[in-house]
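The values are calculated or read from the model by the stated rules, or taken from the named source; none is laboratory data. All values derive from a computational prediction rather than experimental measurement. Note that each Cβ is placed from the backbone with ideal geometry, even for glycine, and that neighbours are counted across all protein chains shown.
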Amino acid sequence: MSNANDRLGARWYLWAALALTGAATLGVRYKQMAWPFSDRFVVTLPAIPRDRPSIADAASAKRFSDAHERLESDPLDPIANGTLGMLLHAHGMLEGAEACYRRATALEPACYDWWYYLGRCLAKRGATEEAIDVLQAAVDGNNSYLPGLLALAELYLSINEPAKGRRLYQMALERDGSCAAAYWGLGCVASLEGDEAGVQRNMRRALELRPDFGEARYALAMSERGDATAVPGKQAQRIHGVALRNAVADPLMGAILAMGVDASADVVAGLRLHRVGRFGEAVPRLQQALASRPDDAQLLFKLAQSLEGIGEFDLAVEAYERAAVAAPAHAGVPASLADLQSRLGRMDEAIRFWRESLRLDAGNQEVRKELVQALLAAGRRKEAQQEIIMGMNSLD
Amino acid sequence: MRRGIGLRVALLALVGLGLAVVATRSYVDTEPGAAGERGDAKAIGRAGDPRLGGTVFVERAGASGLVFVHDTGATGKHYFPEIMGSGCGLLDYDGDGDLDVYLVQSGPIGSRSTGSGEAGSNRLFRNELDPNDPNGTLRFTDVTEIAGVGDAGYGMGCAVGDYDNDGDPDLFVTNFGESRLYRNAGDGTFREVTTEARLRVHGWATSASFADFDNDGHLDLFIGFYVKYRLGSNWGCKTATGAPDYCGPLNYPAAQSRLYRNDGAGHFEDVTASSGLMGSERHTLGVACGDLNGDGRIDLFLANDGDGNQLWINQGGWRFVDQATVAGVAYSATGQGEAGMGVAIGDADSDGDDDVFVTHLAGEKDTLYTMQRPGIFEDLTARSGLSAPSLPMTGFGTEWIDYDNDGRLDLFTTNGAVTRVLDQPQDGYPFRQLDQLFRNVGGGRFVDVSASAGEPFSTPAVGRGAAFGDIDNDGDVDIVVSYSNGPARLLLNRVGQEHPWLRIRTVGTTSNRDGIGARVILKDSRGGRRHRHVHRDGSYLSAGDVRVHFGLGETGNADQVIVEWPTGRREIWTVAGVNVELTLTEGRGLALEM
């Protein structure tokens, strides 16, 4: 116990020293906190967020529970505060995250991470000027974290401060001369300053470094475009050759994303790829997304459609059937399954699933039309007539 | 262990002392604990203009009898349409010189439309202002049943236009289900003429616009459609915490929007395919028309949700080509398709051409596309000052309005989330945000003055539709705002009348009756010019006053008005006085050479 206390004491001495050094370095007067130096040295911090969100996902709920318990057992532990902040941040509860980060920065002001998270959180909440102050303080104390420089620069651009943005992008290039995102940023600076030659020069440099940098390609195309009336549609298509942005890796924000309850990136990417008909690429992303959400009916449905799109019919049927179990009231699932069975020549199965779809949504005339045609093709005229009558009855 | 804790506190105090001593930068002051206690997540970072004194707009809906509470009809199943409505309209339906208010109702969902006048239907409120009494009290009477416009479909929005050129505004109501056309009979009543006008459209219609695309003097109709959606095919989506939530548009296939040609005999012909629009499905929410390439023909701008926007350039002969990408209005400056909701077209930078503003989802800035030359735009949002304040908001209804009558177009947006705001867990309807007002300070720059614009701007709600016009006839622009699952607001302007103004009513004779699409140019004695275009569309699911309003600044300098009619005719009138409404009839001005 004595050793433990010594270690604890030593840790706090270290923190205090770091804090003072950090504060001096950062040059921060943190007025957000009140420091009433009463006889008993009472320190007032932003309140700990007490609301415990209802988390459906068991693993995430456990993480929240653990984080709260840890913080309650040691409210002055900056790591406990920051960790809860990160969890809240990851789950979109930014107000609580902000409070936690404020506590963490107050308790451990020398720690760059808390300032970075606080700045990013404030920016997302729309408190741009305060976010700039926070991130600027962080950068002043530690300018080695490239994503921090870029995030701050983008905020400066968002408030039309191109000169300050330029300094940061140049600083980023001093650290990494091959940083395409910094050249893209310098192009944006040039755009704000009305310097089209600067836009084109910097966007071209960004594309030399990263030919797949869609945002730079778009910006360059916009800068170089001619008279709209003279540009045919083909060129418009070429201009919109936009890929996802290739910013530098951001391990700090990556840590927050990893705390999310679902594989959001895979969900979004999978759904988007499905939507634009890139089924081959959509399948692995949707499968990855389903790994953390195995009963998500929509993901299963899109996976089934994607599998159907690449000719994996048996797997598609299986996925449709799983979707039907996950969403038993969704009329679209059996309708799609019926379409696929029809495509495979399994008409009895198709008719069964169209009927199931109509049981769930009697007003869908498109499905009823498919069913009637299938019944007629199968020589089941009486059933077809009955369906037509039922369809007329279901009209408004 | 106790010794350790005491040591910590002491050291923390020391740290605090150190922090105070080396201070060089300060942050926003708040009371201790405030960060964890603020109920409104959107209240931070809002700027104000101390000169405004907090009374730019006052809310007077209840006090004036404009009592309307929107009902989403929510069932707990999170049907997608529940979160998207609804809109509102301003129209002088009885021709008595003041603006009446039409408010679109939504719920209950899933029930079939049962006709006009039932509980839960849209409502029309007649403005009872006495035109002969300048100090008259603003009061509204619900005349829905008498007027026959209590559409009971699951309402989305409305478009207003005098499609039959008989001098009174007609009404098109967009629904999730079957949308309907109501013809104004001119006697205080409307008649539903959807079928005889050959306008039977079914699906999820959103914003619509009456505009004369072929300049034949008859208003045609564009109807935006959102997604292909049936209640029986609703997906369940979840928040980041796993709670049930509304899905987004990309969960459903986009629906085909529709263009209809008015044949001048009371019928509309579907020209979607022949005009080149077929096969261009996007998730359309906002619709605004205007001549955006300066060729004299009315083009069509569509704000699409999660897709690139579309700018259908009118080629003449009922042919349209989407040039949004090349024009620079399809995507953000970073080439991303954004969640377009509402749209406003107007001359934001007072350089004589129209700019386009589109409201977006939280996490995306709203975007100002500034026209650089005819048909070519640049995203200058950051330079304008509109980027950062809009980032945390999900914007819907919006319009360029000169609220302070200083001659420059300011900007209003109403905001409200579409998925649960997780910072509002105790709120029974956790989608609330604050509306915003931006003052144009010249040079294409705007300042967020919301914090000092009045109490309505500090009361969060779930904003959707917004319609603009001088409702109390006192010489400035007022606003009706419709909110999801909440009472509509009537925002009366309390500062505009401090400056002189001029209001223009255009009356077409060869052009369409209201002069929709006309360009109105106000010249002052020093040669200065300001221009506006005659429109009712834009915003979100809503229709505004057709009259053009000019604030004249402190000098009140107004010399001449030029109207460029849709038919191409240019005429000039001399302004004899200010603080009046001028009715300018096509053919009665002094003709100008083209």
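Consider B:Val548 carefully, then state whether it is within 24 Å of B:Asp472 (Cβ to Cβ) and in contact with a strand residue (DSSP E or B) (Cβ under 8 Å, 6 or more places away or on another chain).
Taking the combined requirement at face value, the residue satisfies it.
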Given the structure, is B:Arg200 of a type in the set (Lys, Arg) and buried (at least 20 other Cβ atoms within 10 Å of the Cβ)? no
Where in segment B:390-503 are the strands (runs of 3 or more DSSP E), entirely inside, with at least 2 residues that are of a type in the set (Ser, Thr, Tyr) and touching a strand residue (DSSP E or B) at 6+ places or on another chain (Cβ under 8 Å)? B:410-415, B:478-483
Segment A:328-342, residues that are surrounded by fewer than 23 Cβ atoms within 10 Å (Cβ to Cβ) and of a type in the set (A, V, I, L, M, F, W, C): A:Ala329, A:Leu340
Just to be sure before I move on: is B:Ile345 at the interface with chain A (Cβ under 9 Å from one of its Cβ atoms) and part of a strand (DSSP E or B) in the structure I sent? no
Mind listing whichever residues of segment B:216-247 are farther than 26 Å from A:Ala58 by Cα, within 25 Å of the chain's Cα centre (by Cα) and either in a strand (DSSP E or B) or away from chain A (no Cβ under 11 Å) (or both)? B:His218, B:Leu219, B:Asp220, B:Leu221, B:Phe222, B:Ile223, B:Gly224, B:Phe225, B:Tyr226, B:Val227
Filter the helices (runs of 4 or more DSSP H) completely within segment A:42-131 down to those with at least 3 residues that are under 18 Å from A:Asp250 (Cβ atoms). A:78-90, A:94-107, A:112-124
Considering only residues of segment A:168-201 that are within 14 Å of chain B (Cβ to nearest Cβ) and touching a Gly at 6+ places or on another chain (Cβ under 6 Å), which is surrounded by the fewest Cβ atoms within 10 Å (Cβ to Cβ)? A:Ala190
For the subset of segment B:527-565 comprising residues that are among the aliphatic types (A, V, I, L, M) and assigned to a loop (DSSP other than H, G, I, E, B), which member is farthest from the chain's Cα centre (by Cα)? B:Ala558
Any residue at all in segment B:367-382 that is more than 17 Å from B:Asp305 (Cβ to Cβ), within 12 Å of another protein chain (Cβ to nearest Cβ) and in a helix (DSSP H, G or I)? yes
In segment B:232-269, anything touching a Leu at 6+ places or on another chain (Cβ under 8 Å) and closer than 30 Å to A:Phe64 by Cβ is listed as B:Thr239, B:Ala240, B:Thr241, B:Leu250, B:Asn251
Name the residues in segment B:504-514 that are assigned to a loop (DSSP other than H, G, I, E, B), crowded, with 19+ Cβ neighbours inside 10 Å and more than 20 Å from the chain's Cα centre (by Cα), would you? B:Gly508, B:Ser511, B:Asn512, B:Arg513
Being polar (S, T, N, Q) and surrounded by fewer than 22 Cβ atoms within 10 Å (Cβ to Cβ) is the filter here; which residues of segment B:294-324 pass it? B:Gln315
I'm checking my understanding of the structure. Among residues of segment B:351-362 that are within 20 Å of the chain's Cα centre (by Cα) and either within 12 Å of another protein chain (Cβ to nearest Cβ) or assigned to a loop (DSSP other than H, G, I, E, B) (or both), which one is surrounded by the most Cβ atoms within 10 Å (Cβ to Cβ)? B:Thr359
From the list A:Leu146, A:Leu118, A:Leu122, A:Leu135, which one is among the aliphatic types (A, V, I, L, M) and surrounded by fewer than 24 Cβ atoms within 10 Å (Cβ to Cβ)? A:Leu146
Which number in (1) at pLDDT below 80; (2) under 29 Å from B:Asp245 (Cβ atoms); (3) β-branched (Val, Ile, Thr) marks the one condition that A:Thr44 misses? (2)
If I filter segment A:245-252 for residues that are among the polar types (S, T, N, Q) and modelled with pLDDT under 80, do I get at least one hit? yes
Does A:Ala61 satisfy the criteria of being surrounded by 13 or more Cβ atoms within 10 Å (Cβ to Cβ), touching a Ser or Thr at 6+ places or on another chain (Cβ under 9 Å), modelled with pLDDT under 70 and at the interface with chain B (Cβ under 10 Å from one of its Cβ atoms)? no
Cβ pairs under 7 Å, 6+ apart or interchain, first in segment A:360-386 and more than 18 Å from A:Ala335 (Cα to Cα), second outside any helix (DSSP H, G or I) and at pLDDT below 90, ordered by first then second residue, are none
